[in-house]
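The values are calculated or read from the model by the stated rules, or taken from the named source; none is laboratory data. Everything quoted here is computed from the prediction, not taken from an experiment. Because the Cβ atoms are built from the backbone with ideal geometry, glycine has one as well, and the counts that use them run over all protein chains shown.
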Amino acid sequence: MKRWTDAAVSLALGGAVLLAWELATRAWAMSALVLPAPSAIAQALLRGLQTGYWWPHIGQTLLGVALGLTAGGLLGFGSGLLLGTQPRLRRWLTPYLLVSQLTPKLALAPLFILWFGFGTWPTVVMTALICFFPLLENTLAALDQTDPQQRELLRALGASRWQTLWRLQVPAGRHTLAAGLRVALVLAWVGTVVSEFISAGRGLGAVIIGAQGAMDTALLFAALVLIAALGVASYGLLRMLEQRWCWPERRLQ
């Protein structure tokens, strides 16, 4: 009941903001070029859905997010496991990993286009690089927070380093790993859309650039609405999967 109440209050707040926005644009006769009314944005959104305009762009952006998050997540998780079990290697490589993350990814976009051409691959590479570091850092944090006494107990029972890793450290740090994955998902949406600004001819980011050039502000806002809706839906799906992985006992209650 509390969840439903909170959801109702949240929806009411959002509806109040949209109503105030609609009334303000009508009362002040604001130009649709500067700030379109929510009703105009809804019309642009529905018109694109009915004509099929949005579907190729949605599919392209979802593909970029999925591939980039998968590649960056696996690379970050695998690197975190390696560095977490090899302290000397971790000390050697940490400065270079920090430098790689402090370099603005947007500045590398022309190089990605030169190396991989236009289309999907520059977007995937940029998204993967953006998603890499959160998974790396959270994997290292998850391994570091393992109880040393439990680790020594498994070692005393004859467990190898990799058995200790997979049977103790990774399960014990699953909450931290899930938090890193949530952050990576949000960054994946940002990275994909920003990359589409530059390197893609299709995708919701490309729609934003095209709408800006055509001075179609309603279409631009409609693309932002779709990005937000798809991002929230993917985040909610990830939270559901996290509940099943991190708190399996709740399913038995």
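Within segment 194-214, which residues are in a helix (DSSP H, G or I), in contact with a Gly (Cβ under 8 Å, 6 or more places away or on another chain) and closer than 17 Å to G48 by Cβ?
Correct list: E196 only.
Checking the conditions here, which among G68, G64, G73 is farther than 18 Å from L224 by Cβ, surrounded by 12 or more Cβ atoms within 10 Å (Cβ to Cβ), in contact with a Ser or Thr (Cβ under 6 Å, 6 or more places away or on another chain) and in contact (Cβ under 8 Å) with a residue 60 or more places away in the chain?
G68
In segment 176-201, how many are farther than 13 Å from L135 by Cβ, within 13 Å of the chain's Cα centre (by Cα) and not β-branched (V, I, T)?
2
Just for segment 136-192: of the residues that are touching a helix residue (DSSP H, G or I) at 6+ places or on another chain (Cβ under 8 Å) and acidic (D, E), which one is modelled with the lowest pLDDT?
D147
Within segment 157-174, is even one residue of a type outside the set (A, V, I, L, M) and closer than 23 Å to A66 by Cβ?
Checked segment 157-174: at least one residue is of a type outside the set (A, V, I, L, M) and closer than 23 Å to A66 by Cβ.
Can you run down the residue pairs with Cβ atoms below 6 Å, 6 or more apart or on separate chains, where the first is in segment 230-244 and at pLDDT 90 or above and the partner is assigned to a helix (DSSP H, G or I) and surrounded by 13 or more Cβ atoms within 10 Å (Cβ to Cβ)?
The qualifying pairs are G231/W189; L238/L185.
Can you name the residue in segment 76-87 that is surrounded by 15 or more Cβ atoms within 10 Å (Cβ to Cβ) and among the hydrophobic types (A, V, I, L, M, F, W, C) and is also farthest from the chain's Cα centre (by Cα) among such residues?
That would be L83.
Scan segment 178-185 and tell me whether some residue there is under 13 Å from T127 (Cβ atoms) and either surrounded by 18 or more Cβ atoms within 10 Å (Cβ to Cβ) or not hydroxyl-bearing (S, T, Y) (or both).
Within segment 178-185, one or more residues are under 13 Å from T127 (Cβ atoms) and either surrounded by 18 or more Cβ atoms within 10 Å (Cβ to Cβ) or not hydroxyl-bearing (S, T, Y) (or both).
Return yes or no: is W189 aromatic (F, W, Y), buried (at least 18 other Cβ atoms within 10 Å of the Cβ) and part of a helix (DSSP H, G or I)?
So W189 fits the description; yes.
Among the residues of segment 141-177, which ones are surrounded by 20 or more Cβ atoms within 10 Å (Cβ to Cβ) and under 29 Å from V232 (Cβ atoms)?
Across segment 141-177, the qualifying residues are A142, G173, L177.
Here are the criteria: (1) modelled with pLDDT under 90; (2) farther than 30 Å from P148 by Cα. Tell me which single one Q43 does not satisfy.
Just one mismatch for Q43, condition (1).
Conditions (1) among the small types (G, A, S); (2) more than 25 Å from V124 (Cα to Cα), marked per residue:
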site	(1), (2)
V9	no, yes
A20	yes, yes
P36	no, yes
A40	yes, yes
Q60	no, no
G68	yes, no
A71	yes, no
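Among what's in segment 117-135 and is in contact (Cβ under 8 Å) with a residue 24 or more places away in the chain and more than 18 Å from V190 (Cβ to Cβ), pick the residue that is surrounded by the most Cβ atoms within 10 Å (Cβ to Cβ).
G119
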